[in-house]
Structures are given as structure tokens and as C-alpha cells.
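Structure incoming, see below.
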Amino acid sequence: MLLPAKAEVARQLRRYRAWERAMLAAPADHAVRATFEDAGYTLCVLMGKRCAREAADAAERYLRITLAAYLREQDERTHLRAATRRGPARSRRWRFLAGR
């Protein structure tokens with residue numbers, strides 16, 4: 001897994017937080033909102049997350065802990081997510097499909 005430089009993460013997180021404050025101060029300003037969403041998207045891409053809030057949390061954790069600890073944490077989260085994803089039981093699925 002490739003990870004961004006901590007300096008870049010810190011810079012993008014500061015940018016995201018600054019535009020977040022600006023957007024909260026002027027929620028009707030479309031230009032501010034668009035720039036805030038752009039900053040959130042950049043942070044999402046940088047941290048590999050789908051939600052800007054998750055990306056900001058991940059960036060803060062990444063900056064706070066060591067690289068090895070962050071990778072270990074991400075690996076544990078991946079395993080937990082995979083273990084909780086379960087589809088319908090096979091017998092129910094086949095019964096559903098047979099009723100079509």
C-alpha cells in the first residue's frame with residue numbers, strides 16, 4: 001500500500017479544515033462550498049476513503065501515529081469489515097430465486 005508523505009497529508013488536512021470553517025461561516029456561498037467539497041475530495045483520494053469525514057479522521061490518525069501502527073490499524077479494519085460482510089444464507093437465496 002502506498003501512503004502519501006506526512007507533510008502533504010498535513011497540508012491537505014489544514015486546507016480541508018480551513019475551507020470547512022469558511023463554509024460553516026458562509027453556508028450560502030456556492031464558491032466556498034465548491035472549494036470545500038474539492039478539498040474534501042482531494043483528502044479522500046489522498047487517504048483512500050470514500051467520505052471526506054472519514055478521510056479527515058484517517059489523516060489525523062496517520063499524522064498522530066507511526067507508519068507501522070497506521071498500517072497495522074488499517075489491516076485490522078480491513079479484516080473486520082470483510083468478516084462482517086455476509087450475504088443471505090444460500091438456502092434462502094435459492095428459495096427466493098426458485099420462486100421467480
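For the range 2-43, what does the accessible surface come to per residue with a 1.4 Å probe? Please give it in Å².
64
Could you give the length gained by full extension between residue 35 and residue 54, i.e. 0.36 nm per residue of separation minus their alpha carbon distance, to one decimal place?
5.0 nm
If you average 1/r across every pair of different Cα atoms in the range 1-64 and take the reciprocal, what Kirkwood value do you get, in Å?
Radius from the Kirkwood sum: 11.7 Å.
To continue, here is another question. Calculate what fraction, in whole %, of the accessible area of the range 18-65 sits on carbon and sulfur atoms when a 1.4 Å probe is rolled over the protein chains.
Reported share for carbon and sulfur atoms: 56 percent.
Right, next: Peptides 56-64, 21-29: what's the order by average Cβ count within 10 Å, highest mean first?
The packing order, highest mean first, is 56-64, 21-29.
The values are calculated or read from the model by the stated rules, or taken from the named source; none is laboratory data. Computed from a predicted model, the values in this text were never measured in an experiment. Ideal geometry is used to build each Cβ from the backbone, glycine not excepted, and the neighbour counts take in all protein chains shown. All accessible areas refer to the heavy atoms of the entire protein, side chains included, with ligands and DNA or RNA removed. Shrake-Rupley method; radii C 1.70, N 1.55, O 1.52, S 1.80 Å.
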